[in-house]
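Visitor: Before I ask anything, let me first share the structure, which is written out below as structure tokens.
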Amino acid sequence: MNTKRKTSDMLVATAQPATTTDGVSLQVSGLKLSLGGKNILRDISFSLREHGINILIGPSGAGKSTLLRCLNQLHADWQGEMLIMNHHARQWPGGTDALRHQMGLIAQKPAVFPCSIEKNVTFGLSSRERKHPPAGLIERVLRQAVLWDEVKDRLHESAAILSIGQQQRLCIARALALSPSMLLLDEPTASLDPRSKQLIEASLSQLAETMPLLCVTHDIEQAQRLGGQIIFMCDGRIIEIASADTFFTRPERLEAREFLRWSTCDCS
């Protein structure tokens, strides 16, 4: 367990610099973040294609959730390069709020508002659109979140009556109502029952056909089921990027092999 290569250049996965690239929705290069004098993210570089599932895995404290918050601009002091839909993140048309609409962030714990299911779906829209939602919008996004059949007859009831699993799917529908370019999901099924987890995984697989998804999970079996691209992080660095088939059968890095075997690694 102590046969680690210590230099940072040996620990960082190789990636191309951020440039305008056809078919790429997100390109990150040299992303760094320090909080309270501590390096949290170290030279992060990766890209997401225009659709498909991307899974962030790694031990607790690796920086996975922090990376999602940087992408969503909840941490503003990051350094490096971030191109989203071929626009620089810091120069996004309409500013940070407009960018966050494009980067829908789903937290581990669902946060529903004290209003109806319907109003929760339209919460992020403009005041005019909230009063008169685009035709079919509410049904469309609730179907995408695999929730429509369960709530279609009680849209005007309080969202608080929903189960935790239903509330999480409602949060996904609310994000989709803003027509995002991609979804960022931070352990979206961590505290849910098996049935809710299955429904959300089905929703994510369907959504990934039309947009990129970046999902943090500690559930290795879930990562294998969802497939796509695996991004393995440890100690604030990306250690390995590979397809799910390759990563779970033939991981290249010692750190990845140890993580898959022991659910821990020593990358510092």
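None of the figures in this text is laboratory data; all of them are computed from the coordinates on show. Predicted model only: the values in this text are computed from it and were never measured. Reconstructed Cβ throughout: ideal geometry from the backbone, glycine too, with neighbour counts over all protein chains shown.
Visitor: GluC sites (Glu not before Pro) within segment 99-206: which are DSSP loop residues with at most 13 other Cβ atoms inside 10 Å? List each step's numbers first, then the result.
Guide: Numbers: sites: GLU118, GLU129, GLU139, GLU150, GLU157, GLU201; in loops: GLU157.
Of the GluC sites (Glu not before Pro), the ones in loops of segment 99-206 whose Cβ has at most 13 other Cβ atoms within 10 Å are GLU157.
Visitor: Restricting to DSSP H runs of at least four residues, report the calculated mean residue ellipticity at 222 nm for the chain, -39500 (n - 2.57) per run over all residues, nearest 500 deg cm²/dmol. Walk me through the numbers on the way to the answer.
Guide: Values: 12 runs with 91 residues, N = 268.
For the chain, the value works out to -9000 deg cm²/dmol.
Visitor: Still on this model: With +1 on each Lys and Arg Cβ and -1 on each Asp and Glu Cβ, how big is the dipole of the chain about its Cα centre, in debye rounded to the nearest 20?
Guide: On the way: 30 positive and 28 negative charges, 84 e Å.
I would put it at about 400 debye.
Visitor: In addition: Which whole number of Å³ per residue matches the convex hull of the alpha-carbon atoms in the chain?
Guide: Working: hull volume 35.9 nm³, N = 268.
That works out to 134 Å³ per residue.
Visitor: Next up: Any idea what the dipole of segment 31-105 comes to, in debye rounded to 20, about its Cα centre with Lys/Arg Cβ at +1 and Asp/Glu Cβ at -1? Spell out each step's value before the answer.
Guide: Values: 8 positive and 5 negative charges, 40 e Å.
About 200 debye.
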